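Taking it in order: structure first as structure tokens, then the write-up.
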Amino acid sequence: RYWDLLQAEPMTHLERNLQAALRESKSRNESWKVQVIAMQCQSIVQHDYVGRAQSQLQGQEEKRNKPATSVFGDGMPKLLSADEFYLMAFKQEAKAEAKKEAKAQRKSQREAYAHALAEWKILNKDHLERNQQRRTQYQEEKTRWELERALAKAEGRQARWAKPKQHGIEKPIRRPKLELNAEEADKDEDESDREMDED
């Protein structure tokens, strides 16, 4: 673009400096252009890699979430009317139905537990507040008794009332528990995670 200007013989010191500045500017622009092209190439490669990785992960997730429907997993042909095939198919359907019922039962248990836990939180809050009020009242009575005791000691007499005692503290309300064994809880968490991913 500026080839003619750079090839011309400078006549003055100013023209020589301007040509040097032009060469420097041109060199800098070329360097920037190379960097921009490199960044664009890197972006294209990264986009392609992310797309492939996402496709592979999605395929693995779909494969993992896909229920096993094959009765015989050896790939060999089977006679569909044979008793062995019928028995295997019946067992698989019964197993799938049992898993479905167990999942529904765990869900019902979780809902009942959530309801019981909400009620417990309300009752426990009231229980803590009542105990706190009784502790505060006891501390006030104890402070008044200590003042009376100090005054009686200074006057050389006995305190007019006995030391107060802590009364009325309620025992903690037992927190409800979710009755699931470890295996069922793990299965339920895995199924819940899969449902959340699908949603």
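The values are calculated or read from the model by the stated rules, or taken from the named source; none is laboratory data. None of the values given here were measured: they were computed from a predicted structure. For neighbour counting, all protein chains shown are included, and Cβ atoms are generated from backbone atoms with ideal geometry for every residue, glycine included. Please note that ligands, DNA and RNA were not included when accessible areas were found on the heavy atoms of the full protein model with its side chains. Shrake-Rupley method; radii C 1.70, N 1.55, O 1.52, S 1.80 Å.
Largest first, how would E61, E101 line up by accessible area (1.4 Å probe)?
Numbers: E61 60, E101 115 Å².
The residues order as E101, E61, largest area first.
Tell me, what is the 1.4 Å probe accessible area of K125, in Å² to the nearest 10?
120 Å²
Between A159 and Y113, with labels modelled 7 Å along Cα→Cβ, what's the label distance in nm to one decimal, could you check?
Once both label points are built, they end up 4.9 nm from each other.
FRET efficiency for Q105 and E62, Cβ-Cβ distance as r, R0 = 35 Å, nearest 0.05? Could you put the intermediate results ahead of the total?
Working: r = 28 Å, r/R0 = 0.79.
The value I calculate is 0.80.
Keeping all protein chains in place and using 1.4 angstrom, which order do D83, D48 fall into by accessible surface area, from largest down? It would help to have the intermediate numbers written out before the result.
Numbers: D83 130, D48 75 Å².
Per-residue accessible area, sorted high to low, gives D83, D48.
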